[in-house]
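The next block holds one structure in the form of structure tokens; read it before the comments.
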Amino acid sequence: MKGLEKYSARSILKWLWCAWRGNRLQAALNAGIGLLSVVVSLAQVWAVQHAIEVAEGVDEGSLYVAVGIMAALILTDFALHISSIWIKNILGIKAQNRMQQHMLDRILRSEWHGKESRHSGDVLNRLEFDVTNVVNFLTEVIPSTLSVAALFVGAFCYLFTMDRVLALITVAIIPVFVGLSKIYVGRMRRLTREVRSSDSKVQSVLQETIQNRMLIKTLESDDHMVDRLETTQSELRHKVVKRTAFSVVSNLIVNFGFALGYLVAFLWAALRMSRGTLSFGGMTAFLQLVNKIQSPARSLTKLVPQFVSVFTAAERLMELEENPLEEQGDPIYMDEPCGIRVSNVSYAYEDAPVISNLSFDFLPGSCTAVLGETGAGKTTLVRLILALLTPQQGQVEIYDRRHACAVSPRLRCNLVYVPQGNTLLSGTIRDNLRLGNLDATDEDMLEALHAACADFVSELPAGLDTQCSEKGGGLSEGQAQRIAIARALLRNRPVMLFDEATSALDPDTERQLLQNILGKKGHTVIFITHRPAVVEYCDQVLEVGKPTPGPSLKERE
């Protein structure tokens with residue numbers, strides 16, 4: 001399968017080691033409880049043997065004391081089990097949340113290239129299921145592996161003191177399993193990767209269908225989307241069946257081997273007992289020890305698919321980190337007013353030119369309308385100014401009275417942006433406004449709403465605490481646009497970029513809004529627009545056309 005060997009086992013283990021750093025407390029606690037459980041488990045074997053032999057008269061002592069020891073060990077085992085549940089439920093969710101936060105932070109700080117390489121449903125699937133898989137492996141599977149190994153060694157040593165031959169026979173089969181596991185891992189890793197990829201596709205179809213429910217209803221494509229989901233689910237089912245069939249056959253072979261080994265151990269113990277070289281209590285301990293050797297061995301064989309699963313999950317999370325990080329560091333603030341200078345800039349998406357040799361100066365304190373037909377590069381120009389994209393030729397600078405700097409993520413603190421369309425998030429209106437300024441008071445918010453011609457918020461029953469559903473559901477497009485503009489005004493940065501931000505407003509509201517925005521001096525305002533009313537309020541106009549013609553500048557008196 002293409003991409004299966006994208007990362008070597010060494011690089012995946014190195015990534016898992018780094019991911020383990022923040023989860024070592026939970027892993028250590030689980031490992032400690034697991035090792036104590038092993039000690040208690042082996043002590044229970046001795047306690048049962050001792051109680052039986054006391055009852056038989058083989059050992060001296062009180063039967064009540066012997067049974068009391070058994071009861072104490074059982075209660076201790078209960079306490080350890082309850083402790084492990086608490087650790088899993090309390091520290092486990094914290095570990096999962098921490099890794100999700102880390103991955104989300106990594107995604108948000110990475111470079112953006114204008115086209116997402118993965119569907120958002122696939123990314124969410126990885127952030128949920130693959131993160132859970134990795135965290136469980138690091139905090140539970142690895143510690144349990146230590147306890148399983150300790151139980152295996154302890155049970156073997158105990159059995160070895162009772163019967164060396166049987167102890168050696170019992171473990172002789174392990175090298176065979178190790179050899180077979182190499183074949184198993186390669187096959188299961190490929191099958192697991194296929195299942196996880198299909199699972200992501202199913203989630204992507206579900207998410208996209210729910211998000212576009214209104215469109216699907218109006219196009220009367222309900223049946224088509226359900227059929228599309230069924231096709232994707234059918235692909236997932238087929239791959240799950242393949243993986244399950246392989247797993248069942250593998251487990252059948254392994255379990256047959258273990259069952260045969262247990263029967264041999266039982267026969268051996270029965271023969272010794274019939275010859276008088278083993279007591280009934282000894283035989284009981286004998287069979288318990290064989291089971292405690294086989295049980296860890298079974299658990300170790302089950303670890304193989306867990307290792308395969310976590311390797312697949314780690315690969316999928318490592319792919320999310322492939323995109324390089326943006327320039328990191330403290331924000332660089334410019335003096336107000338500041339301008340934007342574009343010098344001989346060119347940019348193309350996959351060899352399709354969008355901007356060619358563009359030069360323009362958005363003067364400090366000016367208001368500029370950027371005009372052009374669809375596909376002429378207006379939105380791309382905004383992305384270049386915001387340092388979301390990097391010019392393939394030329395330079396974009398932000399400058400003030402003292403100095404000029406090439407735009408970068410660290411200079412993004414000097415800009416505020418209102419994209420086209422509905423950009424509200426689910427939550428209250430207050431929550432949306434606070435994205436512009438986390439320290440804004442209610443008075444600040446109401447003032448910004450007034451400047452954005454969004455006084456209607458005060459008239460709503462819940463005011464600022466009015467709930468909005470996904471994509472600002474419950475509000476009209478015009479209302480959502482005005483709240484987004486108010487959010488930008490709360491951010492209050494020297495350069496303000498509006499990408500068709502008034503497209504859903506009526507002429508009177510748009511006129512009043514422009515007067516309010518442009519009434520505040522000291523801001524450099526850039527409007528991407530098709531609206532003649534906006535152009536009337538601007539000092540200068542930049543007309544961009546599809547390459548190859550250069551831009552024209554019309555200075556307005």
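The values are calculated or read from the model by the stated rules, or taken from the named source; none is laboratory data. None of these values were measured; they are calculated from a predicted model. As a convention, Cβ positions derive from the backbone with ideal geometry for all residues, glycine included, and neighbour counts pool all protein chains shown. The protein model used for the area step is the full one, side chains on, heavy atoms only, and it has no ligands, DNA or RNA in it. Shrake-Rupley method; radii C 1.70, N 1.55, O 1.52, S 1.80 Å.
Structural remarks
- Helix 174-211 axis, angle to the chain major axis (alpha carbon atoms, nearest 10°): 30
- Segment 25-68: GluC sites (Glu not before Pro) falling in loop per DSSP and having at most 13 other Cβ within 10 Å: E60
- Label assignment, P(r) over Cα pairs in 10 Å bins from 0, in percent derived from the structure, set (i) 3, 14, 21, 20, 15, 10, 7, 6, 3, 1, 0; (ii) 3, 14, 21, 23, 21, 13, 5, 1, 0; (iii) 3, 13, 17, 18, 15, 11, 8, 7, 5, 2, 0, 0: (iii)
- Cα centroid separation, segment 471-531 to segment 211-250: 42 Å.
- Relative packing of 229-240, 427-438, which averages over residues the other C-beta atoms within 10 Å, highest first: 427-438, 229-240
- Cα gyration tensor category, rounded, prolate or oblate, for segment 323-382 with a/c compared to 1.5: oblate
- Computed label-point distance, nm, for sites K520 and L271 using a 7 Å Cα→Cβ extension: 9.2
- Shape category assigned to segment 1-89 from the gyration tensor of Cα positions, a/c cut at 1.5: prolate
- Largest accessible area first, the listed residues K94, K520 line up as K94, K520 when surface is computed with a 1.4 Å probe on the assembled protein chains.
- Residue separation of D59 and S120 scaled by 0.36 nm, minus their Cα-Cα distance, works out to 15.1 nm of gained length.
- A full extension of the chain between V67 and D455 corresponds to an added length of 131.9 nm, given 0.36 nm per residue minus the alpha carbon distance.
- In segment 315-354, the chymotrypsin sites (Phe, Trp or Tyr not before Pro) that fall in loop regions by DSSP, at most 16 other Cβ within 10 Å: Y333
- Under-5 Å amide H pairs with Y537, H placed in peptide plane, nonlocal only: none
- Accessible solvent surface per residue of the chain, calculated while the other protein chains remain in place, 1.4 angstrom probe, Å²: 52
- For segment 381-472, chymotrypsin sites (Phe, Trp or Tyr not before Pro) are listed when DSSP marks them as loop and at most 11 other Cβ atoms sit within 10 Å of their Cβ; the list is empty.
- Cβ-based net charge around D455, under 11 Å, with every Lys or Arg adding one and every Asp or Glu removing one: -1
- Between L363 and N437, the C-beta separation translates, for a Förster distance of 45 Å, into a calculated FRET efficiency of about 0.95.
- Here the contact order of the chain, divided by its residue count and restricted to Cα pairs under 8 Å and six or more residues apart, works out to 15 percent.
- Axis of helix 442-451 versus longest Cα principal axis of the chain: the two differ by about 40°, to the nearest ten degrees.
- Estimated FRET transfer efficiency (T466, S11; beta-carbon r; R0 35 Å; 0.05): 0.10
- When the solvent-accessible area of segment 427-518 is split by element, carbon and sulfur atoms take up 46 percent of it, the probe being 1.4 Å.
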